[in-house]
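The values are calculated or read from the model by the stated rules, or taken from the named source; none is laboratory data. Everything numeric in this text was worked out from a predicted model, so none of it was measured. All Cβ positions, even for glycine, are placed from backbone atoms using ideal geometry, and neighbour counts span all protein chains on display.
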Amino acid sequence: MQNTIQNSTEEQVETITLYRVKNDTCGNPRYVVHFLSLLTEEESNSLDVFEKYNHALSKARKIGGKKFHNKQFGGGVVFQCYNTESLVNEIAVLTNRKLKGYIQRG
């Protein structure tokens, strides 16, 4: 019974997927995150899809994110990033969640 109590008080760590895309024109590495990963649970439940996307973009711009204009990834936000751990930490602070990153190379 004591293990059950300990497990319920631990914070859940969520995984966020960073999709590696082609470098920008200057050769800087870029990663794309789906816009829903940038919203809190309350924001996801209370807004319609267009409001969610616009709200996620405005939040992402605070940490250097931009709209990803590409057919290969709909609803993406792109970040120029050399340190993915730092990016995941910034997103975690932005969304008030404990996150760990997973890089999907494509």
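Where residues in the range 1-22 are more than 18 Å from GLY74 (Cα to Cα) and either within 22 Å of the chain's Cα centre (by Cα) or modelled with pLDDT of 50 or more (or both), which of them is surrounded by the most Cβ atoms within 10 Å (Cβ to Cβ)? I'd like the intermediate steps shown before the answer.
So the first thing to find is which residues in the range 1-22 are more than 18 Å from GLY74 (Cα to Cα), and the list is 1-15.
Those still in the list that are either within 22 Å of the chain's Cα centre (by Cα) or modelled with pLDDT of 50 or more (or both) too: 10-15.
Working: GLU10: 8, GLU11: 7, GLN12: 7, VAL13: 10, GLU14: 12, THR15: 10.
Per the criteria, the residue is GLU14.
Examine the range 90-100 for a residue that is of a type in the set (S, T, N, Q), farther than 21 Å from CYS26 by Cα and in a loop (DSSP other than H, G, I, E, B), and state whether such a residue exists. Spell out how you get there, then give the answer.
Restricting attention to the range 90-100, the residues satisfying the condition of being of a type in the set (S, T, N, Q) are 95-96.
In the following step, the residues that additionally are farther than 21 Å from CYS26 by Cα were identified as 95-96.
Retained after the next criterion (residues that are in a loop (DSSP other than H, G, I, E, B)): 96.
Yes, the range 90-100 has at least one match.
Quick one: GLY75 ticks every box in (1) on the phi < 0 side of the Ramachandran plot; (2) within 12 Å of the chain's Cα centre (by Cα) bar one, so which box is it?
(1)
Does the range 70-78 contain any residue that is part of a loop (DSSP other than H, G, I, E, B), surrounded by 18 or more Cβ atoms within 10 Å (Cβ to Cβ) and touching a residue at least 12 places away in the same chain (Cβ under 8 Å)? Walk me through it before giving the result.
Step one: of the range 70-78, the residues part of a loop (DSSP other than H, G, I, E, B) are 70-75.
Now narrow it down to the ones that are surrounded by 18 or more Cβ atoms within 10 Å (Cβ to Cβ): none.
No - not one qualifying residue is present in the range 70-78.
Counting just the residues of the range 14-48 that are among the hydrophobic types (A, V, I, L, M, F, W, C) and touching a strand residue (DSSP E or B) at 6+ places or on another chain (Cβ under 6 Å), which one comes out nearest to PHE68 (Cα to Cα)? Talk me through it step by step, then tell me what you get.
Step one: of the range 14-48, the residues among the hydrophobic types (A, V, I, L, M, F, W, C) are 16, 18, 21, 26, 32-33, 35-36, 38-39, 47.
Now restrict to residues that are touching a strand residue (DSSP E or B) at 6+ places or on another chain (Cβ under 6 Å): 16, 18, 21, 32-33, 35.
On the way: ILE16: 17, LEU18: 13, VAL21: 10, VAL32: 7, VAL33: 9, PHE35: 10 Å.
Filtering first and then ranking leaves VAL32.
Give the residues of the range 12-35 that are polar (S, T, N, Q) and free of Cβ contacts under 8 Å to residues at least 12 places away in the same chain, sorted by residue number. Even if it seems obvious, please write down each step before you answer.
Step one: of the range 12-35, the residues polar (S, T, N, Q) are 12, 15, 17, 23, 25, 28.
Those that are polar (S, T, N, Q) and free of Cβ contacts under 8 Å to residues at least 12 places away in the same chain: ASN23, THR25.
This table checks each residue for (1) part of a loop (DSSP other than H, G, I, E, B); (2) in contact with a strand residue (DSSP E or B) (Cβ under 8 Å, 6 or more places away or on another chain).
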residue	(1), (2)
LYS59	no, no
GLY64	yes, yes
SER86	no, no
TYR102	no, yes
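Working carefully through the options LEU99, LEU94, LEU87, LEU38, find the one that is in contact (Cβ under 8 Å) with a residue 40 or more places away in the chain, within 19 Å of THR15 (Cα to Cα) and either exposed (fewer than 11 other Cβ atoms within 10 Å of the Cβ) or touching a Cys at 6+ places or on another chain (Cβ under 8 Å) (or both).
Details: LEU99 fails: either exposed (fewer than 11 other Cβ atoms within 10 Å of the Cβ) or touching a Cys at 6+ places or on another chain (Cβ under 8 Å) (or both); LEU94 fails: either exposed (fewer than 11 other Cβ atoms within 10 Å of the Cβ) or touching a Cys at 6+ places or on another chain (Cβ under 8 Å) (or both); LEU38 fails: either exposed (fewer than 11 other Cβ atoms within 10 Å of the Cβ) or touching a Cys at 6+ places or on another chain (Cβ under 8 Å) (or both).
After ruling out the rest, the residue left standing is LEU87.
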